[in-house]
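A short write-up of the structure that comes next.
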Amino acid sequence: MVSHVVACNERKDNMKSFDVVVIGGGPGGYVAAIRCAQLGLTTACVESWLNGENQPVLGGTCLNVGCIPSKALLDSSHHFSFIKHAAKEHGINAAGVTMDVHRMIQRKKNIVQTLTMGIAGLFKKNKVEWLKGHGRFISANQIEVKPVGEDSGEAYQVTAKHIIIATGSVPMTIPPAHVDNELIVDSTGALAFTDVPRRLGVIGAGVIGLELGSVWNRLGANVVVLEALNDFLAPVDRQLANEAEKLLRKQGLDIRLGARVTGTGCNNREVTVTYEDREGKQHVVFDKLIVAVGRKPNTQGLGASAVGIAMTERGFIEVDESCRTALANVYAIGDVVRGPMLAHKASEEGVAVAERIAGKAGHINYAAIPWVIYTWPEIAWVGKTEQALKAEGVAYRVGSFPMAASGRARAMGELDGMVKMISDARTDRILGLHILGPNASELISEAVVAVEFDGSSEDIARTIHAHPTLAEALHEAALAVDDRAIHF
Ligand code: FAD
Ligand code: NAD
């Protein structure tokens, strides 16, 4: 525990008092706390997460069981898949390659540990006091902290002029598939399999279903993905979603759309899933089943309603456009409020709220939040899809460029996918940029900057892109908006 008694005022009754108390130390909360401290506010962050060794840790869902561990496994499994399927094309002979799943999982654990310890170091550096426990509202200015882990002891109270709720989200469950953490797991369980399941079921072809389905598929599992909707990846631009569906099927994912799960039955070795689709009632048997049907806001034991903080019907904390709750001194950010459940959205809200508390003008452009799905190829976008613009009756122009026409993509042996730019027919302002391709997660940043600056397709078209790079595909898509792509 950092010694921060210097950073807060001790009241006569020994109740610590801060300018800001943040509840939750995920990417929303820990970033908010650091920014508050940078702005000279005395700050504490209450966090109740315990790792597998019962040690309190920071970082929330993202670092412990979300973004980081999933990307660690995606990278490991991508390397394995490359060596098995693509290395030969490069002249690399690597026969008899096997996967040591224990080692892969240990590597993931080490990465998580390094990064979560890093946040503790950042707290120390910035003089943020880490209160290791569960936080609950006593009043609009008072939080009770119930210690957790080895430090656990008597509950105590702290006071704060401002409180930021950043309690995040937890996996959603569905009645027909009760998570038992043995045969039926949620995303957390699916990040910790110690063997490759031979037959793996996934309920939900959303971001988690496709990312974790891809991990285990690459390692040899026969993966069946059951998706209730008829459309594959409904929020994604249709043209890219259709292409991605074909590619993922080709990789071996058995994606079954319009599949409504109605029940599961487990014996001690396998799980039978019953679902209904257009053809009627179906059964399928798996060794493991992942439930990935979305996440819900986490306000358990927070006592928010009791002090007058309003909630939405779906259990999110209700906030205005500046993340302020029904109580003037209490803000809420990240997954526990409206908007996309993304780590970078949570962090940006954290920064903006910290700045508002410090009397500055916190700013977030919700129209310029990038989305990434880390399948291979990756899918990334910013702004609106073509189908959304059509529905809104907006006049637009489209420029597309296939990865197969990119010199760099060809050199890499990564010919699948495309870049699609959509701009306003009248003003040429970029309305949407969609990428299906290698490293789309990195490439999208250029488009995000362009959208943030109200850029046009002409701006990108006039910008010099290094050759040979994948980014040239964005350049060519911008040229294509004006029908003047050079290489296609
Ligand atoms: P969280 O990260 O959920 O943190 C909330 C914290 O609050 C937790 O640590 C919790 O212990 C703590 N807490 C809750 N209640 C209390 C209380 N009463 N007292 C004390 N502490 C409390 N997003 C991306 O942008 N990119 C990705 O690649 C990505 N991959 C993901 C992969 C998976 C498998 C999952 C599950 C999620 C992924 N996400 C990804 C989503 C991302 O993890 C979340 O959007 C992000 O973590 C939200 O941040 P947050 O700070 O709002 O909440
Ligand atoms: P999701 O909303 O992306 O996908 C859930 C899917 O499950 C949807 O397609 C939905 O139609 C389907 N579904 C719901 N109920 C069903 C049922 N009964 N039977 C079959 N299908 C059903 O949610 P997720 O994949 O669980 O991810 C949760 C959140 O975590 C997302 O909001 C996402 O933003 C975040 N996340 C982000 C990333 C990333 O940024 N790369 C990665 C993982 C998670």
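Residues in the stretch 31-60 that are more than 10 Å from ligand 1 (Cβ to nearest atom) and buried (at least 20 other Cβ atoms within 10 Å of the Cβ): Ala33, Ile34, Arg35, Cys36, Ala37, Leu41, Thr42, Thr43, Ala44. Keeping to the stretch 286-324, report how many residues are open to solvent by 50 Å² or more (accessible area, probe 1.4 Å), away from ligand 2 (no atom under 16 Å from the Cβ), in a strand (DSSP E or B) and under 27 Å from Val179 (Cα atoms). Going through the stretch 286-324 one residue at a time, the tally reaches 2. In this entry, Met403 passes the filter for residues that are over 14 Å from Ala447 (Cα atoms), open to solvent by less than 40 Å² (accessible area, probe 1.4 Å) and touching an Asp or Glu at 6+ places or on another chain (Cβ under 9 Å).
Among the residues of the stretch 435-450, are any more than 26 Å from Glu245 (Cα to Cα) and either surrounded by 18 or more Cβ atoms within 10 Å (Cβ to Cβ) or at pLDDT 95 or above (or both)?
yes
From the set of residues in the stretch 220-237 that are among the hydrophobic types (A, V, I, L, M, F, W, C) and open to solvent by less than 20 Å² (accessible area, probe 1.4 Å), which is farthest from ligand 2 (Cβ to nearest atom)? Before the answer, list the steps.
Start the filter on the stretch 220-237 by keeping residues that are among the hydrophobic types (A, V, I, L, M, F, W, C), which leaves 221, 223-226, 228-229, 232-234, 236.
Those left that are additionally open to solvent by less than 20 Å² (accessible area, probe 1.4 Å): 221, 223-226, 232-233, 236.
Working: Ala221: 18, Val223: 15, Val224: 12, Val225: 9, Leu226: 5, Phe232: 9, Leu233: 7, Val236: 10 Å.
Going through the qualifying residues, I end up with Ala221.
Scanning the stretch 452-471 for residues that are assigned to a helix (DSSP H, G or I), crowded, with 22+ Cβ neighbours inside 10 Å and in contact (Cβ under 8 Å) with a residue 40 or more places away in the chain returns a single hit, Ser457.
The listed residues are Leu240, Leu200, and the only one of them that is open to solvent by less than 10 Å² (accessible area, probe 1.4 Å), modelled with pLDDT of 95 or more and more than 16 Å from ligand 1 (Cβ to nearest atom) turns out to be Leu240.
With the structure loaded, tell me whether Ala328 is among the aliphatic types (A, V, I, L, M), open to solvent by less than 30 Å² (accessible area, probe 1.4 Å) and either in contact with a Cys (Cβ under 8 Å, 6 or more places away or on another chain) or without any contact (Cβ under 8 Å) to a residue 12 or more places away in the chain (or both) or whether it fails that test. Against the criterion (among the aliphatic types (A, V, I, L, M), open to solvent by less than 30 Å² (accessible area, probe 1.4 Å) and either in contact with a Cys (Cβ under 8 Å, 6 or more places away or on another chain) or without any contact (Cβ under 8 Å) to a residue 12 or more places away in the chain (or both)), Ala328 does not qualify.
Across the stretch 117-167, which residue is nearest to ligand 1 (Cβ to nearest atom) among those that are in a strand (DSSP E or B) and open to solvent by 70 Å² or more (accessible area, probe 1.4 Å)? Spell out the reasoning first.
At the first step, the residues of the stretch 117-167 found to be in a strand (DSSP E or B) are 128-139, 142-147, 156-165.
Next, only the ones that are open to solvent by 70 Å² or more (accessible area, probe 1.4 Å) stay: 136, 146, 156, 161.
Values: Arg136: 6, Lys146: 8, Tyr156: 13, Lys161: 19 Å.
So, considering only residues that are in a strand (DSSP E or B) and open to solvent by 70 Å² or more (accessible area, probe 1.4 Å), the one nearest to ligand 1 (Cβ to nearest atom) is Arg136.
The values are calculated or read from the model by the stated rules, or taken from the named source; none is laboratory data. Everything quoted here is computed from the prediction, not taken from an experiment. Cβ coordinates were reconstructed from backbone atoms using ideal geometry, including for glycine residues, and neighbour counts include every protein chain displayed. Remember, those area values only see protein heavy atoms, side chains included, never the ligands or the DNA or RNA. Shrake-Rupley method; radii C 1.70, N 1.55, O 1.52, S 1.80 Å.
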